[in-house]
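Accompanying notes for the structure given below.
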Amino acid sequence: MASRKRWHSRNGKMKPYEHRAIEKAKQKNVNKDASAKKAERPNERWSHDIATIKPPKRTGLTMRRPNWHILVDEFTGTKFSAFYPRKNDIVEPMCKRLQHATGRGARVKYLRQDNAGENLKIQARCKSADWKLPVEMEYTAKDTPQQNSIAETSFT
């Protein structure tokens, strides 16, 4: 078939794509063990992540709220899900949810997230004079199910 299409091939070993080799090398450096101990009560540690959903190009569809946010309580496994037009739109609802949990006497002690821009805004907003939420932020590497598996794998 290759000769009919006049494709030329060389004999020998194929070289791996450079970007895949770099990706695999980086993946090996990820610490797969959680550095913190597991949550021992509800609301002690929450993990959250946001993913952008893109419809297939051939459909011609557009989404009004393409950013899917998932928040998971580590102890109970309870998941909260919402869709937003922009990633930065999760900041205020997250602060409200953290405040609501604190008001019920079940304060969230740790919030596990990657170091994306919207998550840094959540931290700044939680520490601001408006909210003053006593939440300790735990940062993980981006797109690492090994470190933030509870939230990362919830999308599937």
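The values are calculated or read from the model by the stated rules, or taken from the named source; none is laboratory data. Nothing here was measured: the structure is a model prediction, and the numbers come from that model. Neighbour counts are summed over all protein chains in view; Cβ atoms, including those assigned to glycine, are modelled from backbone coordinates with ideal geometry. Ligands, DNA and RNA are stripped out before the accessible areas are found, and what is left, the full protein with its side chains, is counted by its heavy atoms. Shrake-Rupley method; radii C 1.70, N 1.55, O 1.52, S 1.80 Å.
Of all residues in segment 93-110, those that are open to solvent by less than 30 Å² (accessible area, probe 1.4 Å) have Cβ atoms under 6 Å from Cβ atoms of residues that are among the polar types (S, T, N, Q), 6 or more apart or on another chain, in Ala101/Asn43; Ala106/Asn43; Val108/Asn43. Suppose we keep only residues that are touching a residue at least 24 places away in the same chain (Cβ under 8 Å) and aromatic (Phe, Trp, Tyr) within segment 59-82. Which one would you say is surrounded by the most Cβ atoms within 10 Å (Cβ to Cβ)? Out of the qualifying residues, it is Trp68.
Kindly indicate which of Tyr110, Tyr84 is touching a Phe, Trp or Tyr at 6+ places or on another chain (Cβ under 9 Å) and within 15 Å of Arg45 (Cα to Cα). Talk me through it step by step, then tell me what you get.
Working: Tyr84 fails: within 15 Å of Arg45 (Cα to Cα).
After ruling out the rest, the residue left standing is Tyr110.
Can we say Glu136 is of a type in the set (D, E, K, R) and either out of contact with any strand residue (DSSP E or B) (no Cβ under 7 Å at 6 or more places or on another chain) or open to solvent by less than 60 Å² (accessible area, probe 1.4 Å) (or both)? So that I can check it myself, show each step before the final result.
Numbers: of a type in the set (D, E, K, R): yes; either out of contact with any strand residue (DSSP E or B) (no Cβ under 7 Å at 6 or more places or on another chain) or open to solvent by less than 60 Å² (accessible area, probe 1.4 Å) (or both): no.
Taking the combined requirement at face value, the residue does not satisfy it.
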